Amino acid sequence: MMAAFGILSYEHRPLKRLRLGPPDVYPQDPKQKEDELTALNVKQGFNNQPAVSGDEHGSARNVNFNPSKISSNFSSIIAEKLRCNTFADTGKRKPLVNQKDNFWLVTARSQSSINNWFTDLAGTKPLTQLAKKVPIFSKKEEVFGFLAKYSVPVMRSAWMIKMTCAYHAAITENKVKKRHVIDPCIEWTQIITKYLLEQLQKIAEFYRQFPSQGCSSPLPAMPADVEAAMKQWEYNEKLAMFMFQDGMLDRHEFLTWVLECFEKVRPGEDELLRLLLPLLLQYSGEFVQSAYLSRRLAYFCTRRLNLLLSDGSLGPGAGGHAAHGILTQQGNALPTTPTSQPAGGNQSQTPFTDFYVCPQHRPLVFGLSCMLQSIVLCCPSALVWHYSLTDSRNKTGSPLDLLPIAPSSLPMPGGNTVFTQQVRAKLREIEEQVKERGQAVEFRWSFDKCQETTAGFTIGRVLHTLEVLDNHSFEKSDFNNSLDSLYNRIFGSGQSKDGHEMSPDDDAVVTLLCEWAVCCKRSGRHRAMVVAKLLEKRQAEIEAE
């Protein structure tokens with residue numbers, strides 16, 4: 001009875017169907033040669049004929065390829081790759097900026113609305129709510145004055161500038177006749193630098209009315225307009241720094257403008273230079289990434305430091321600051337033996353020692369020295385001796401020619417600590433490299449100016465030997481192209497341009513031959529055997545002599 005019940009239960013149970021895998025066929029194309037049922041294909045089947053050889057493992061070395069066919073096939077491959085890498089349009093268009101609903105033009109009647117909006121921008125109101133109505137000024141530079149007036153955080157100020165860019169971009173797109181699109185980075189760099197320059201000129205005019213009268217005479221109180229310009233300068237300088245770091249400004253153009261501001265500072269305008277010096281130090285890491293800007297900056301720093309050391313650099317106040325009149329040493333900018341540093345914690349005795357106690361010139365000395373030392377450490381190429389026949393800015397020479405002492409001997413903040421000594425040691429090491437590179441540039445990497453010296457003859461022999469080895473044909477041997485002729489051209493008694501016999505010292509030539517035999521810059525197994533034969537013959541000739 002139980003057995004019959006079990007049979008009935010298995011009878012009504014559905015069969016267990018296994019999950020089917022992928023079909024056991026190759027992918028099919030709509031049109032393929034295998035489907036062409038011609039009489040030949042039906043009789044013989046599909047026969048795969050390689051395009052370049054008679055079998056699958058042969059060589060296509062002797063096959064004549066059609067260049068035009070290869071070019072067309074390669075172009076089709078590139079086109080197919082581009083098609084595969086292109087994202088398909090999902091049909092969603094870019095959301096258009098609604099000029100009427102999200103922006104409103106600022107007029108004289110909307111002063112109260114402007115005050116409320118900028119007050120909310122300076123506060124904590126979400127930007128999503130402020131974006132519903134963004135004010136647009138007729139002159140783009142007017143926005144900087146309102147941002148500084150309400151002390152808006154720089155991050156929210158940058159958002160305001162981006163919204164202004166979005167508005168003007170939408171205006172340009174909607175115009176029927178589209179003009180040449182200006183890069184917003186370059187445009188806003190020109191706008192903010194022009195605005196900052198206007199504020200700086202107001203401040204400079206005030207400082208020029210009261211030239212430096214020494215360290216003990218303070219400046220009079222600033223007028224209201226100069227104080228407003230100073231507030232605008234301090235705020236928008238920070239905003240420019242944020243925009244620079246955020247990629248909203250053109251880096252090279254902005255750094256060039258900063259450098260030009262310093263180059264326009266006249267000698268004796270120490271107060272104005274003290275105002276601008278923090279701006280220079282903020283971008284020190286950016287300046288050293290450009291050898292051109294670093295060179296101009298190094299010239300500025302060395303000129304200013306040299307002016308501070310000269311007798312008449314302090315203007316009318318020199319009499320009240322007699323300790324600044326120091327007789328500086330004349331000579332090369334990089335002395336052979338740098339000033340040794342004392343073991344104690346005080347600053348070393350340098351021509352700038354008397355400036356350490358001067359509250360007016362101490363920041364200038366330390367700031368300019370720090371900037372010049374940064375250039376030495378991070379961009380020594382800007383200090384190499386240079387000759388220029390076309391560029392009037394890059395005069396012949398080096399910026400260090402204007403400095404009577406080495407950069408490693410310039411003052412450093414923090415005293416003579418272990419870290420300071422390590423930095424000075426690194427500076428001296430790079431100074432030696434700069435001197436060597438400068439001498440190489442001055443001689444134009446040629447021995448024409450030093451051909452009367454032993455080094456000139458040695459360099460000439462080495463270059464001549466390398467040229468002979470490269471021009472010699474080792475595949476054949478005849479009267480003019482043999483091992484004997486190669487030996488005579490290398491070790492024969494050559495003469496210089498003036499008819500003097502060349503130096504018989506073979507050390508440099510032998511070293512070059514050994515390096516040529518094993519270096520990876522040349523190829524060929526024959527090199528070691530050729531050098532061995534040449535040296536063997538040279539050894540026999542020396543012993544015979």
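The values are calculated or read from the model by the stated rules, or taken from the named source; none is laboratory data. From a predicted model like this one, the values you see are computed outputs, not experimental measurements. No Cβ is skipped: glycine too gets one built from the backbone with ideal geometry, and neighbour counts run over all protein chains shown. Just the protein is used for accessible areas: all its heavy atoms, side chains included, with ligands, DNA and RNA removed. Shrake-Rupley method; radii C 1.70, N 1.55, O 1.52, S 1.80 Å.
In the range 376-395, of all residues being in a loop (DSSP other than H, G, I, E, B) and modelled with pLDDT of 75 or more, the one that is farthest from LEU427 (Cα to Cα) corresponds to TRP385. For the range 271-301, a residue qualifies if it is of a type outside the set (A, V, I, L, M, F, W, C), part of a helix (DSSP H, G or I) and open to solvent by 10 Å² or more (accessible area, probe 1.4 Å), and the qualifying residues are GLU271, ARG274, PRO278, GLN282, SER284, GLY285, GLU286, TYR292, ARG295, ARG296, TYR299. The single condition among (1) open to solvent by 60 Å² or more (accessible area, probe 1.4 Å); (2) out of contact with any Leu (no Cβ under 8 Å at 6 or more places or on another chain); (3) at pLDDT 80 or above that SER493 does not meet is (3). Only one of the numbered conditions (1) out of contact with any helix residue (DSSP H, G or I) (no Cβ under 9 Å at 6 or more places or on another chain); (2) modelled with pLDDT of 80 or more; (3) surrounded by fewer than 15 Cβ atoms within 10 Å (Cβ to Cβ) is not met by SER485, and that is (3).
To keep it simple, each residue is scored yes or no on (1) open to solvent by 40 Å² or more (accessible area, probe 1.4 Å); (2) in a loop (DSSP other than H, G, I, E, B); (3) at pLDDT 90 or above.
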position: PRO413; (1), (2), (3): yes, yes, no
position: ALA425; (1), (2), (3): yes, no, yes
position: GLU452; (1), (2), (3): yes, yes, no
position: GLY456; (1), (2), (3): no, no, no
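For the range 26-35, name all the residues that are open to solvent by 100 Å² or more (accessible area, probe 1.4 Å) and of a type in the set (Asp, Glu). Passing the criteria: only GLU34. Selection within the range 137-149: residues that are touching a Phe, Trp or Tyr at 6+ places or on another chain (Cβ under 6 Å) and crowded, with 18+ Cβ neighbours inside 10 Å. The member of this set that is farthest from THR107 (Cα to Cα) is ALA148. Can you go through TYR235, TYR299, TYR283 and tell me which one is under 21 Å from PRO411 (Cβ atoms) and either touching a residue at least 24 places away in the same chain (Cβ under 8 Å) or of a type outside the set (S, T, N, Q) (or both)? TYR299 is the lone residue from the list that is under 21 Å from PRO411 (Cβ atoms) and either touching a residue at least 24 places away in the same chain (Cβ under 8 Å) or of a type outside the set (S, T, N, Q) (or both). Within the range 75-114, if we keep just the residues that are open to solvent by less than 90 Å² (accessible area, probe 1.4 Å), hydroxyl-bearing (Ser, Thr, Tyr) and farther than 30 Å from VAL143 by Cα, the residue that is modelled with the lowest pLDDT turns out to be THR86. Please verify whether VAL441 is farther than 30 Å from ALA532 by Cβ, at pLDDT 90 or above and surrounded by 12 or more Cβ atoms within 10 Å (Cβ to Cβ), treating the condition exactly as stated. No: the conditions fail for VAL441. Criterion applied to LYS132, LYS125, LYS140 was being in a loop (DSSP other than H, G, I, E, B), among the charged types (D, E, K, R) and without any contact (Cβ under 8 Å) to a residue 12 or more places away in the chain, and the one residue passing it is LYS125. Just one of the listed residues (ALA291, ALA204, ALA240) is more than 22 Å from LEU368 (Cα to Cα) and either of a type in the set (A, V, I, L, M) or touching a Leu at 6+ places or on another chain (Cβ under 7 Å) (or both), namely ALA240.
The number of residues in the range 247-263 being under 17 Å from the mean Cα position of the chain (by Cα) and charged (D, E, K, R) comes to 3.
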